[in-house]
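Chemist: Encoded as structure tokens, here's the structure I'll be asking about.
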Amino acid sequence: MKSNHFFSQKYLNESKQIIDKLDCESIEKMTTLLVELRKRKGRLFLVGVGGGAGHAGHAVNDFRKIAEIESYSPSDNISELTARTNDEGWNTTYIEWLKISRLNKNDMLFVFSVGGGDLNKNISANVVKAVKYANDVGSDIIGVVGRDGGYTASVANACVIVPTVNSDMITPHTESFQALVWHLIVSDPRIQKISNKWESSV
């Protein structure tokens, strides 16, 4: 019991360090780009794998319902995702979905990835191909990633890299703070259009 207590305290202490190190300027830039996206009536496409895919689906709800930004995630349609994986291969699942959706320069791609993707190492290759495609068609690219940000950070218009404070906890810390950052953004008065249920019912 005692060791569990020490682990929880250690994890939370590391989280405090990360909060102090987060780059607020990058968050502000992402927020500004999202405000501009809504003004031009562009669409927001969110991608990730594993925990990032779960975040993408949750964030779609928040940006549609709270921020009134038209938003989608290719991983939300499990039938299409698995059909494309089966018929065409995993690496092209997101890029082919984006092509059918006619991703263009008025739109934006939002990436949730621990490493940001690495095509040479075949890590999150479908995310990398989606980012490359967004870059090719002129869409804005934003993301919340970990480690050094990988391919996503190298081409994004704005990207928050969750600082590494413990190399054994990169994934849980990154995925925890991905949720914090997007909830922060969607709660910003410049972004939020609809009050949340509990806040509005008081």
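Read-outs throughout are calculated quantities, based only on the coordinates presented, and are distinct from any laboratory measurement. Because the structure is a prediction, the values reported are computed rather than measured.
Chemist: Most mobile of Ser73, Ser167, Ser26 per a Gaussian network model of the chain (Cα springs, under 10 Å)?
Modeler: For the chain, modelled as a Gaussian network with Cα springs under 10 Å, the answer is Ser167.
Chemist: What is the set of long-range amide H partners of Ile123 at a cut-off below 5 Å, with H atoms built 1.01 Å from backbone N?
Modeler: Asp118
Chemist: Report the Cα centroid-to-centroid distance between the stretch 84-127 and the stretch 5-62 in angstrom, as an integer.
Modeler: 19 Å
Chemist: On to the next question. Output wanted: per-residue J couplings in Hz (rounded whole) for the stretch 67-78, from phi through Karplus 6.51 cos²θ - 1.76 cosθ + 1.60, θ = phi - 60°, x for Gly and Pro.
Modeler: After applying 6.51 cos²θ - 1.76 cosθ + 1.60, I find 9, 6, 10, 5, 9, 8, 9, x, 7, 6, 9, 5 Hz.
Chemist: Using just the alpha carbons, could you tell me how many Å³ per residue the convex hull of the chain encloses? Before the final figure, lay out each step's value.
Modeler: Working: hull volume 29.7 nm³, N = 202.
Convex hull volume per residue, Cα atoms: 147 Å³.
Chemist: Quick one: 3J(HN,Hα) in Hz for the stretch 114-129, Karplus 6.51/-1.76/1.60 with θ = phi - 60°, rounded, Gly and Pro as x.
Modeler: Ordered by residue, 3J(HN,Hα) equals 5, x, x, x, 8, 5, 5, 8, 6, 10, 6, 4, 5, 5, 4, 5 Hz.
Chemist: Given the pairs Lys41/Lys132; Lys10/Lys65; Lys65/Lys121, which span a C-alpha to C-alpha distance of over 25 angstrom in this model?
Modeler: Details: Lys41/Lys132 23 Å; Lys10/Lys65 36 Å; Lys65/Lys121 37 Å.
Distance filter (> 25 Å) returns Lys10/Lys65; Lys65/Lys121.
Chemist: If you don't mind, there's one more thing I want to ask. Using only the alpha carbons of the stretch 69-153, determine the length spanned along each of the three principal axes and report them from longest to shortest in whole angstroms.
Modeler: 33, 30, 20
Chemist: Given H placed on each backbone N at 1.01 Å, which residues far from Ile141 in sequence or on other chains put an amide H within less than 5 Å of it?
Modeler: Those qualifying (amide H under 5 Å, at least 5 residues apart or on another chain) are Leu109, Asn157, Ala158.
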